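Remarks on the structure that follows.
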Amino acid sequence: MQRAIFHRLALAVSVVLLPSIALGAWQPSEIVGMKYPRLARLARITGLVIVRASLADDGTVREVAVVSGHPLLAKAAQANAREWRFAWSQKVSRSSRSPEVHLVYYFALSGRCVERDCRELFWVELPNFIVVRSELPEISTGQAEKGLGR
Amino acid sequence: MIHLFWLMFLGVVPADGQVGPWAVRKIVGLDYPPDALSKGLEGTVRVRCDIGHNARIISCYRVSGDPGLAVAAIRNARRWQVERAASGEGTYELIYHFQIRVVERPTEESKFRFVMPTHIFVVAERPPMGHKGR
């Protein structure tokens, strides 16, 4: 049920944002993987992050601005987006070049694991939809007490 | 499916992700295989996948490289998705580069990088031999 809602939501976001990357005709040429941000995972924070990357002429990322999303997730997404590279599609005239692309990150937690031994999955549905999924760590008594400042 | 629709509608089927008559659509990350890392196995593995007429991956197999690393590479390649960029069945090839860096303070996570259209770099770090850890 939750997965179905996520897919609808994610597709809706992609449909809204995809033209901005497709019309610009920048395509990712180098994609870098990322891990679920540890703090966000411990705090069980999930959700969508949208970032806007400003590109240099050679397709390197100059700057990444957060459009929306939780700050803990957005920081990680921002750092990841900075490592990507883009190439201009040869089929589109250079005069219509836009200097920006949007990337949509979805962070999800599912299943259970022991912290430091959580399985993660990273995948990209081109051109701009990124999923980072991790198992959810069990909170031990020690961690809970630390969190409460005891 | 909607991605494909937009790309076709806008006439922007990417040339950059294209491998022969196929365009990569879904890229799945890969961690350095723990066994290979503990044995210090590294190197390049070429994997070829056969694609059926409906763009489904029928099978992937090792073309060259270490058989141990190839197991992880093949398992990963089977999870990728491609789409038809031109007519016909065919194959696409992915080249995995497994690299181990020796550093004083290794991070526990390996790094995944995909360079269009076929190169995948999986980099892990380990401490120098005889290093007693942090």
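Coordinate-derived values only; no laboratory data. What you see is a predicted model, and the numbers here were worked out from it, not measured in a lab.
For this structure, a couple of remarks:
- Scanning residues 5 or more positions from B:Trp22 or on other chains, those with amide H under 5 Å from its amide H are B:Ala85, with H placed 1.01 Å from N in the peptide plane.
- Extension gain, A:Arg82 back to A:Asp58 (0.36 nm per residue minus Cα-Cα distance, nm): 7.3 nm
- Between B:Met129 and B:Arg78, full extension at 0.36 nm per residue minus the direct alpha carbon distance yields a gain of 14.9 nm.
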